[in-house]
Amino acid sequence: MMRSKDLKPSESAKILVIGEDSNLQWSDTATEVAMFADYYFRSFPEDDGERSRNVEARNLFSHIAFVTLNRVKPQEMYITNLCNDQLTPAPKGKRVLITEEYAIKGLSHIEWLLEQYPTIEYVLTMSLQTNYWLQKLGFYGDDKRFIEEAQPRRKGFEDMSAPFYQPVNGKAFESICGNIYDAKNHPVKVIPILAAKDYPLKGRNEELYTEAYEKIRNSFRK
């Protein structure tokens, strides 16, 4: 089974970014490096497929730069996923389901990383499913209502030959975005943010999350 690799910082790490899974979110495409982050450091390719990955990587780093007010260089970011294993693809148009087994494995890796990179000050946690598992498994937060609303609906895993993630309440992320949490076992701040594909904010997301993002950005002004 293929596993995505982490993108390790070339300088002292200040931020850990946690994406969702190695299949991305809506795709059966497996990434060699988490969220195609390595493409950011490559020259712009001519091939269409390679070009789309380069654009995706640039959106990822632009998103982080926006959130942090450009106070963290790309070379100071550690990029990983909650799940780096290639998972069972979801049905078309559905989100890949991370099972508890893989979420526990992913959290163990994250805990290990924070021990290995004590210079990390912030952990940016992307997407609803990632934050659901990180709260449920006790990495940060203790919001029982959020956990109840973000948990997978049963119908998403009744057929494990084609499982998918569909939360009980698709709006659950709105209740945590904009909050700054303390990790329970590490001296780092945990900040839930949208998935890379949702940056820049536009349309409905702009209405829902502009204020939350300003709160996050203000925390980096201090």
Among (1) surrounded by 13 or more Cβ atoms within 10 Å (Cβ to Cβ); (2) in contact with a Pro (Cβ under 9 Å, 6 or more places away or on another chain); (3) at pLDDT 95 or above, the one test that Pro118 misses: (1)
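Each row is one residue, and each column tells you yes or no for (1) of a type in the set (Asp, Glu); (2) more than 25 Å from Ala65 (Cβ to Cβ); (3) modelled with pLDDT under 95.
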residue: Asn84; (1), (2), (3): no, no, yes
residue: Pro91; (1), (2), (3): no, yes, yes
residue: Val96; (1), (2), (3): no, yes, yes
residue: Ser108; (1), (2), (3): no, yes, no
residue: Leu113; (1), (2), (3): no, no, no
residue: Gly138; (1), (2), (3): no, yes, no
Report whether or not Asp48 is acidic (Asp, Glu), farther than 19 Å from Ile120 by Cα, surrounded by fewer than 21 Cβ atoms within 10 Å (Cβ to Cβ) and modelled with pLDDT under 85. yes
Examine the stretch 208-220 for a residue that is buried (at least 17 other Cβ atoms within 10 Å of the Cβ), assigned to a loop (DSSP other than H, G, I, E, B) and among the aliphatic types (A, V, I, L, M), and state whether such a residue exists. no
Within the stretch 138-170, residues being in contact with an Asp or Glu (Cβ under 8 Å, 6 or more places away or on another chain) and either surrounded by fewer than 22 Cβ atoms within 10 Å (Cβ to Cβ) or in a helix (DSSP H, G or I) (or both) number 3
On the given criteria, is Lys189 out of contact with any Lys or Arg (no Cβ under 8 Å at 6 or more places or on another chain), over 22 Å from Ile98 (Cα atoms) and either among the hydrophobic types (A, V, I, L, M, F, W, C) or surrounded by fewer than 19 Cβ atoms within 10 Å (Cβ to Cβ) (or both)? yes
Give me the residue from the stretch 171-186 that is of a type outside the set (Gly, Ala, Ser) and under 16 Å from the mean Cα position of the chain (by Cα) and, out of that set, surrounded by the fewest Cβ atoms within 10 Å (Cβ to Cβ). Ile180
Can you spot a residue in the stretch 77-99 that is within 18 Å of Ile180 (Cα to Cα), hydroxyl-bearing (Ser, Thr, Tyr) and either touching a residue at least 60 places away in the same chain (Cβ under 8 Å) or surrounded by fewer than 16 Cβ atoms within 10 Å (Cβ to Cβ) (or both)? no
Pairing a residue in the stretch 130-154 that is among the small types (Gly, Ala, Ser) with any residue that is part of a helix (DSSP H, G or I) and modelled with pLDDT of 95 or more, where Cβ atoms lie under 6 Å and the two sit 6 or more apart in sequence or on different chains, gives Gly141/Gln135; Ala150/Leu128; Ala150/Tyr132; Ala150/Ala172
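The values are calculated or read from the model by the stated rules, or taken from the named source; none is laboratory data. Computed from a prediction, not measured in an experiment: that's the story for all the values here. Methodologically, a virtual Cβ is constructed for each residue, glycine included, from the backbone with ideal geometry; neighbour enumeration extends over all protein chains shown.
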